[in-house]
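K.L.:
Encoded as C-alpha cells, here's the structure I'll be asking about.
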Ligand code: PEP
Ligand code: MG
C-alpha cells in the first residue's frame with residue numbers, strides 16, 4: 001500500500017504526462033506546468049528558472065503570478081537572491097517572510113514584493129543543477145514536509161522534461177548542421193562528377209570490382225545505404241496519402257496511450273524515477289519536428305512504415321553522434337519508441353519493402369536477410385562495396401542468375417539514386433551515368449548475350465553428357481521458392497541442395513512444423529521425377545535470423561553455427577526433421593546435415609531422426625518410410641574421417657564453399673584474403689580426390705554442391721577426379737551442359753591426374769588454360 005503522498009505523486013505524474021501531450025514545445029510545457037502546480041499547491045506564484053548555457057545565469061522561463069513581461073527577461077547569477085541560493089547550494093530553500101532574509105534580492109520587473117513565503121527546489125541533471133522551481137504565497141505560509149516532498153516530485157519531473165527538450169533541440173540543431181554540410185558536400189561531389197564526366201566521344205571512367213556472378217545489366221540505380229530500411233530508394237506499393245496520414249495518427253495515439261500505461265505501471269511497480277523515462281517517450285511522440293518529418297515523408301508518397309523507419313533512423317543516427325556518452329545511450333529510447341510505433345502499426349516483417357521498378361541495387365553490403373526479403377523480380381544487377389564473393393547474399397544472387405559485382409570501392413558515394421548505370425559483370429566494370437557511346441556499345445553486347453542465352457536454352461532439355469556419352473547429373477541449389485521456377489527453367493534434375501535457412505530469414509519467428517512441411521512439399525511436388533535434398537538449418541556465420549540472436553562471437557564461422565545450433569535446440573531441430581520426413585511422403589527426399597565435424601554429431605543427428613520418426617508414428621502422421629541420410633563434407637576433419645563417416649551415411653555432399661575457407665584459413669567473405677581462397681589450391685584438390693575415392697569405394701552417393709562447380713575450368717578437374725553428380729546455381733546449368741558436350745572424358749581424367757602432381761595453383765591454372773584451349777573452350 002502506498003502512502004497518501006505516493007498517490008499524490010502518481011496523480012501529479014499523470015497530470016504532467018497529460019500536459020506533455022497537450023503542449024508542443026518546452027515553453028508551452030513549462031507554462032502549463034507552473035499553472036498546474038500553483039493550482040495544486042494553492043499558491044499565487046509558481047516559477048521556473050533555468051540555467052543558461054554559460055552555467056552561471058538563471059533565467060526566468062515560465063511563471064504564473066509574477067509579471068508576464070518578466071518571463072525571459074529576468075536573470076540572476078547563481079548564488080544571487082533566494083532562487084540563486086537554491087541553485088548554488090543544490091538544496092531546498094523554504095523561507096517565511098523572505099524580505100527579511102539576508103540573501104533576499106528584489107527584482108522590480110517581477111512585482112514579487114507582495115509575497116510572504118518562498119519555497120525553491122533545485123532542478124538537476126545527474127547531480128548538476130540546471131534550474132530552480134519556486135512557489136510563493138501572499139499570505140505567510142510555513143511549508144510542510146508534504147509540500148516540500150510533493151514539489152520535489154514535480155521538480156524531478158520538470159528536470160526530466162527540460163533535459164529531454166534540450167536533447168531534442170540539440171538533435172534538431174545537429175540535423176540542420178548536417179543537412180547544411182550534406183548540401184555542401186553534394187555540391188562539391190557534383191562538381192567533381194561534372195569535371196570527370198567526359199565529353200561525348202570520350203571513354204567514360206568505370207568503377208571496378210570483382211565479378212561474383214557474370215552477366216550484363218543496365219537501368220536505374222537503387223542505392224541501399226543503411227540497414228534500417230531503404231530510405232531514398234525503396235518503398236511499398238503506391239500509397240494513398242490520406243489513409244496513410246490517418247494510419248499515422250492512429251499509430252501515434254495508440255503508442256501515446258501505451259506509453260501512459262507503461263509509465264503508470266512502472267511507477268506502481270518500481271518508482272517514479274524509473275517511470276520518468278516515459279516522459280522522454282511522450283515528448284518524442286509529441287515533438288513537432290518529429291511529427292512534421294513523418295508527415296512530410298507520407299506527403300511525398302511513402303507509407304507510414306517507410307516514414308517511421310526513415311525518420312526514426314535519422315534520429316537514431318543523431319543520438320549516436322552525441323559526444324556525451326549519457327546522451328548517446330538515450331539512443332536506446334529512440335529505438336524503443338521506433339520499435340513500439342512499428343509494432344503498433346502492425347506486422348511489418350511480412351510486408352517487405354519492394355523495388356518500385358526494375359533496377360540495379362547498389363549497396364555497401366547486402367545481408368542474406370536483405371536478399372531474402374527483397375523483391376527479386378525487379379533486381380537486374382547487384383553492386384556492393386564489400387568484397388564477399390562467396391557470401392550467402394551473393395550465392396542467392398547467383399541462384400537467381402542476377403549479375404553481381406563485389407568490392408566496388410565508393411560505389412554508394414559515386415551513385416546518386418535513380419541515375420542510369422551499366423553493370424558489366426563480365427569484365428568487372430560499373431558505369432555511372434555512362435557516355436552515349438558506352439551505352440550504345442553495351443546495348444550491342446546485351447543483344448549478343450541474349451542471343452547466347454537463347455543458344456544455351458537449347459541445352460535445357462538435352463541430357464547432360466560428355467562427347468563420349470558419359471552421363472552427369474546436374475541439380476540445382478535453391479533457397480527460396482522463387483528458385484524452383486529458375487531451376488525448372490534451366491533443366492535442373494532435381495535439387496541437390498535446398499538451403500532451408502533462407503525461408504527462415506524472411507519470417508518474423510520460427511515457422512511451425514506445418515509451415516515448413518507445406519514449403520518443403522511444394523518444392524518436392526515441383527520435381528516429381530527427381531530427388532530433392534533438404535539440408536537442415538545452417539544458420540550462424542553470415543546467416544542470422546532476425547528473431548534468433550546468437551551470442552556475439554569472435555569467430556562466428558568457427559562458432560555456434562549450423563548443426564551445432566540445431567543440436568543445442570533439439571525441439572527446433574526435431575520439428576524440422578519431422579517436416580522433412582512428412583514432405584518425403586510426396587516424392588523422393590534426401591535429408592542432409594551441414595557442418596559435420598565428427599562421428600558424434602552423426603550419431604546425435606540419427607537419434608533426433610529416430611525421435612522424429614517415433615513422434616510421427618505416435619501421432620499417426622504420414623511420412624516417408626525411407627529417406628536417405630547424408631552429411632556435408634565441408635570441415636577438414638570430415639575429410640580426414642571420410643572413410644569412417646561413409647559407413648554411417650547414404651551420401652556425401654561436398655560443400656567446397658566452406659571446405660576451402662576452413663582448409664586454407666581464408667574467410668570466404670573477406671576480400672583481403674580473397675587470393676588465399678583458392679578452389680584450385682593443391683590441398684583442396686587432394687582433399688576432393690580423397691573424398692571422391694572413398695565414396696566410390698564404399699558405394700555411397702556423392703554430390704558436389706559448392707559454387708566452384710559452376711566454373712568450367714574447375715568443372716573439368718572435378719569431372720576428371722571422378723565426380724558425376726553436381727548441384728549448382730541453376731542459371732549455370734545450361735552453360736555447364738554446353739561445356740560437357742564438347743568434353744572428352746579421357747581428356748578430363750588425364751587433366752585431373754596431371755594437376756594432382758603439381759604443387760602450386762598458378763601452375764595448375766596455367767596447365768588447365770592450355771587444356772581448355774585445346775578443347776576450344778577458351779577464346
Ligand atoms: C558449402 O559450404 O559449400 C555449401 C554448399 O554450403 P553453404 O554455401 O550454404 O555454406
Ligand atoms: Mg557450407
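K.L.:
Would you pick out the residues in the stretch 586-638 that are outside any helix (DSSP H, G or I), without any contact (Cβ under 8 Å) to a residue 40 or more places away in the chain and touching a strand residue (DSSP E or B) at 6+ places or on another chain (Cβ under 8 Å)?
P.N.:
Result: 629, 631.
K.L.:
Based on what the data block shows, is residue 679 in contact (Cβ under 8 Å) with a residue 24 or more places away in the chain, within 16 Å of ligand 2 (Cβ to nearest atom), part of a loop (DSSP other than H, G, I, E, B) and not assigned by TED's automatic domain parsing to the domain that holds residue 214?
P.N.:
Yes.
K.L.:
Hey, among the residues in the stretch 682-702 that are closer than 15 Å to residue 764 by Cβ and within 16 Å of ligand 2 (Cβ to nearest atom), which one's surrounded by the fewest Cβ atoms within 10 Å (Cβ to Cβ)?
P.N.:
684
K.L.:
Inside the stretch 68-154, counting only strands (runs of 3 or more DSSP E) that do not spill past its ends, which hold 2 or more residues that are over 13 Å from residue 58 (Cβ atoms) and either under 50 Å from the mean Cα position of the chain (by Cα) or in contact (Cβ under 8 Å) with a residue 40 or more places away in the chain (or both)? Before you say what the answer is, go through the steps one by one.
P.N.:
Numbers: elements: 75-77, 93-96, 117-125, 128-137.
Strands (runs of 3 or more DSSP E) meeting the threshold: 93-96, 117-125, 128-137.
K.L.:
Filter the stretch 703-733 for residues that are outside any helix (DSSP H, G or I) and either within 16 Å of ligand 2 (Cβ to nearest atom) or closer than 15 Å to residue 464 by Cα (or both) and give the result.
P.N.:
Listed by number, the residues that qualify are 703, 704, 705, 706, 723, 724, 725, 726, 727, 728, 729.
K.L.:
I would also like to ask the following. Would a scan of the stretch 663-671 turn up a residue that is within 15 Å of ligand 1 (Cβ to nearest atom), modelled with pLDDT of 95 or more and under 27 Å from residue 464 (Cα atoms)?
P.N.:
no
K.L.:
In the set 558, 582, which member is out of contact with any strand residue (DSSP E or B) (no Cβ under 7 Å at 6 or more places or on another chain), within 16 Å of ligand 2 (Cβ to nearest atom), over 17 Å from residue 630 (Cβ atoms) and at pLDDT 90 or above? Explain how you work it out, then say what you get.
P.N.:
Working: 582 fails: within 16 Å of ligand 2 (Cβ to nearest atom).
Being out of contact with any strand residue (DSSP E or B) (no Cβ under 7 Å at 6 or more places or on another chain), within 16 Å of ligand 2 (Cβ to nearest atom), over 17 Å from residue 630 (Cβ atoms) and at pLDDT 90 or above holds for just one of 558, 582, which is 558.
K.L.:
Scan the stretch 537-575 residue by residue and report those that are part of a helix (DSSP H, G or I) and within 16 Å of ligand 1 (Cβ to nearest atom).
P.N.:
Listed by number, the residues that qualify are 556, 557, 558, 563, 564, 565, 566.
K.L.:
Identify the single condition in (1) in a strand (DSSP E or B); (2) farther than 30 Å from residue 488 by Cβ that residue 413 does not satisfy, given that it satisfies every other one.
P.N.:
So the condition that residue 413 fails would be (1).
K.L.:
Only strands (runs of 3 or more DSSP E) wholly contained in the stretch 416-527 count here; list those with 2 or more residues that are in contact (Cβ under 8 Å) with a residue 24 or more places away in the chain and more than 16 Å from ligand 2 (Cβ to nearest atom).
P.N.:
Correct list: 420-424, 429-432, 473-478.
K.L.:
Tell me which residues, restricted to the stretch 495-525, are under 24 Å from residue 459 (Cβ atoms) and either surrounded by fewer than 18 Cβ atoms within 10 Å (Cβ to Cβ) or within 16 Å of ligand 1 (Cβ to nearest atom) (or both). Before you say what the answer is, go through the steps one by one.
P.N.:
As a first pass, look at the stretch 495-525 and keep what is under 24 Å from residue 459 (Cβ atoms): 495-498, 523.
Answer for the stretch 495-525, where residues must be under 24 Å from residue 459 (Cβ atoms) and either surrounded by fewer than 18 Cβ atoms within 10 Å (Cβ to Cβ) or within 16 Å of ligand 1 (Cβ to nearest atom) (or both): 495, 496, 497, 498.
K.L.:
Checking residue 626 against (1) within 16 Å of ligand 1 (Cβ to nearest atom); (2) over 34 Å from the mean Cα position of the chain (by Cα), only one condition comes out false. Which one?
P.N.:
(1)
K.L.:
I'd like the full set of residues that are within 15 Å of ligand 1 (Cβ to nearest atom), buried (at least 21 other Cβ atoms within 10 Å of the Cβ) and farther than 24 Å from residue 384 by Cβ, limited to the stretch 640-658.
P.N.:
652, 653, 654
K.L.:
I would also like to ask the following. Filter the stretch 359-386 for residues that are modelled with pLDDT under 75, surrounded by 23 or more Cβ atoms within 10 Å (Cβ to Cβ) and touching a helix residue (DSSP H, G or I) at 6+ places or on another chain (Cβ under 6 Å) and give the result.
P.N.:
Once the filter is applied, which keeps residues that are modelled with pLDDT under 75, surrounded by 23 or more Cβ atoms within 10 Å (Cβ to Cβ) and touching a helix residue (DSSP H, G or I) at 6+ places or on another chain (Cβ under 6 Å), the stretch 359-386 yields 368, 371, 372.
K.L.:
If you don't mind, another one. What number goes with the only condition from (1) at pLDDT 85 or above; (2) buried (at least 19 other Cβ atoms within 10 Å of the Cβ); (3) under 27 Å from residue 293 (Cβ atoms) that residue 245 does not pass?
P.N.:
The single condition residue 245 does not satisfy is (2).
K.L.:
Of the residues that sit in the stretch 533-555 and are over 19 Å from the mean Cα position of the chain (by Cα) and farther than 23 Å from residue 615 by Cα, which one is modelled with the lowest pLDDT?
P.N.:
554
The values are calculated or read from the model by the stated rules, or taken from the named source; none is laboratory data. Since this is a predicted model, take the numbers as computed values, not measurements. Cβ: placed from backbone, ideal geometry, glycine included. Neighbour counts: every protein chain shown.
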